[in-house]
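As structure tokens, the structure follows; a few thoughts come after it.
The values are calculated or read from the model by the stated rules, or taken from the named source; none is laboratory data. Just so it is clear, the structure is predicted and the values come from calculations on it, not from any experiment. So basically every Cβ, Gly included, is an ideal-geometry build from the backbone, and we count neighbours across all protein chains shown. Heads up: the accessible areas ignore ligands, DNA and RNA and are worked out on the full protein's heavy atoms, side chains in. Shrake-Rupley method; radii C 1.70, N 1.55, O 1.52, S 1.80 Å.
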Amino acid sequence: MQRIAGTIGTTDEMLQSRRQKLLQLSCLAMWCGLLVAGLWPFNFFPGNKVEWLGGKNGIHFGGDGQIYGSVPWNVSEVRPDSSPSDSFSVEIWLQPDKVCGCLGTIFSTYDPARPENFVLDQSIGDLVVRGHFRDHKDHLGFRSLYLDDVFQKGRSRFVTITSGQQGTTIYLEGVRSRFYPYALEADSLSGRLLAGHSAAGSNAWAGTLLGLAIYNRVLTAEEVSGHYKAWSEASTAELAAEKGIAVLYPFDERTGGLVRNHVAAMPDFVIPGRFYILHRTFLVLPSKFQRSDWDDAAVNILGFVPFGLLISAYFGGIAQLPRWQSLFLTILVGGITSLFIEFIQAYLPTRDSSLLDLINNTLGTTLGAMMFGTIGRVRSIFAGDPSS
């Protein structure tokens, strides 16, 4: 009998040891799985998804692609007498690949001291003009101006934006579409020009740029209409002699790593071989919550619940720690793991470092740890343990 009891005891110990090893391996596998899911595809130097159209003028962005000014520029370099009352006009001819719920940055100016000077975005089918605007009371603030239902899949649009003391006007195909009583700040179009992507590494845009021009004055309605005709007829050479023109990119090189500015000595666009982030950001909150943010929150929370459950089982089962210590350490491990992922994501050009993800991942870990504690208490109750 004593020998049988010893054999049973040894068997129980072996089973217990196997359970512990299985739990340890499960924790390690779950931790590695979270790292893979958070950092995949581990590409710190992705290719730049930009290519010439080849047979005609234009350059295509395939998402996670960008071109940027070879050097920063300032409007005062074009007109030395520039002042806070300066006026601007931007002409851009483009064709989006798709119309979806994500936000894509078509064109922007980048200044490290103020990353968002002037931004043109595509939001589903809407055009969004973002920048520092002054109202009629001379109050300066960062605003977003929307023009609905501009974009359709596969349809090219010629957009003209003029801004001066009287306000900002948007034209489509040379026809006035909307007026806003806000004026762009004088330095809005100064900095490094960037197309196809935001400087912070988010908001990739997929589509084709067919032309871009910037003027340091407000174009009249007649000029806007005439310029649209010139672009449509590929007569951009005459635009280079226009008064106040600062940059002119007809994208007519069709090959190579530069997009030439056809006006004076202003900067060319560089087409880098690799895509990288000009302005790295760490633990950023979205400026405006979208449907995709809520979907991501659900995925991040649910993804870390099993991790919290397993880690809590390890601390409470194998380490035999008190419940409050097990809960605290589980949340700490989950938080550190998420923080590590978000830190590395700041250096991955195709990923974003998000404070919202860190919060949701830690919340998921907490829920998993609480679930394990609840399961343990329920089992104790059914087992008749009075200490539960």
Exercise. Is one or more of the residues making up segment 301-315 within 24 Å of Leu103 (Cβ to Cβ) and touching a residue at least 24 places away in the same chain (Cβ under 8 Å)?
Worked result: yes
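Listed here are the residues, each with its yes/no results for (1) among the β-branched types (Val, Ile, Thr); (2) out of contact with any helix residue (DSSP H, G or I) (no Cβ under 6 Å at 6 or more places or on another chain); (3) farther than 24 Å from Phe151 by Cβ; (4) part of a loop (DSSP other than H, G, I, E, B).
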residue: Ala200; (1), (2), (3), (4): no, yes, no, yes
residue: Thr208; (1), (2), (3), (4): yes, yes, no, no
residue: Val218; (1), (2), (3), (4): yes, yes, yes, yes
residue: Ser225; (1), (2), (3), (4): no, yes, no, no
residue: Trp231; (1), (2), (3), (4): no, yes, no, no
residue: Ala240; (1), (2), (3), (4): no, yes, yes, no
residue: Ala246; (1), (2), (3), (4): no, no, yes, no
For this session: Output the residues belonging to segment 31-40 that are in contact (Cβ under 8 Å) with a residue 60 or more places away in the chain and either among the polar types (S, T, N, Q) or open to solvent by 50 Å² or more (accessible area, probe 1.4 Å) (or both).
Result: Trp31, Ala37
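Okay, residues lined up against (1) touching a Phe, Trp or Tyr at 6+ places or on another chain (Cβ under 8 Å); (2) under 17 Å from Ser202 (Cα atoms):
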| site | (1), (2) |
| --- | --- |
| Ala319 | no, no |
| Trp324 | no, no |
| Leu329 | yes, no |
| Val333 | no, no |
| Ile336 | no, no |
| Phe343 | yes, yes |
| Ser354 | no, yes |
For this session: Give segment 252-274 a look and list any residue that's closer than 21 Å to Pro46 by Cα and in a loop (DSSP other than H, G, I, E, B), or say none.
Result: Thr255, Gly256, Gly257, Ile271, Pro272, Gly273
Exercise. Are any residues in segment 222-248 in contact (Cβ under 8 Å) with a residue 40 or more places away in the chain and surrounded by 18 or more Cβ atoms within 10 Å (Cβ to Cβ), and if so, which ones?
Worked result: Val224, His227, Tyr228, Trp231, Ala246, Val247
Exercise. Within segment 262-274, is even one residue closer than 30 Å to Glu91 by Cβ, aromatic (Phe, Trp, Tyr), out of contact with any Cys (no Cβ under 8 Å at 6 or more places or on another chain) and surrounded by 16 or more Cβ atoms within 10 Å (Cβ to Cβ)?
Worked result: yes
For this session: Please indicate, with yes or no, whether at least one residue in segment 170-179 is out of contact with any Ser or Thr (no Cβ under 6 Å at 6 or more places or on another chain) and crowded, with 21+ Cβ neighbours inside 10 Å.
Result: no
Problem set entry | Every pair of residues 6+ apart whose Cβ atoms lie under 7 Å, when the first sits in segment 201-221 and is free of Cβ contacts under 8 Å to residues at least 12 places away in the same chain and among the small types (Gly, Ala, Ser) while the second is open to solvent by less than 30 Å² (accessible area, probe 1.4 Å) and in a strand (DSSP E or B) | none
For this session: Among residues belonging to segment 116-154 that are open to solvent by 70 Å² or more (accessible area, probe 1.4 Å) and under 20 Å from Leu172 (Cα atoms), point out the one that is modelled with the lowest pLDDT.
Result: Lys153
Seminar exercise, completed: In segment 43-61, residues that are open to solvent by 40 Å² or more (accessible area, probe 1.4 Å), under 14 Å from Phe275 (Cα atoms) and either modelled with pLDDT of 90 or more or outside any loop (DSSP other than H, G, I, E, B) (or both) total 2
Problem set entry | Residues (surrounded by 15 or more Cβ atoms within 10 Å (Cβ to Cβ) and hydrophobic (A, V, I, L, M, F, W, C)) located in segment 308-327 | Leu309, Leu310, Ile311, Ala313, Phe315, Ile318, Leu321, Leu327
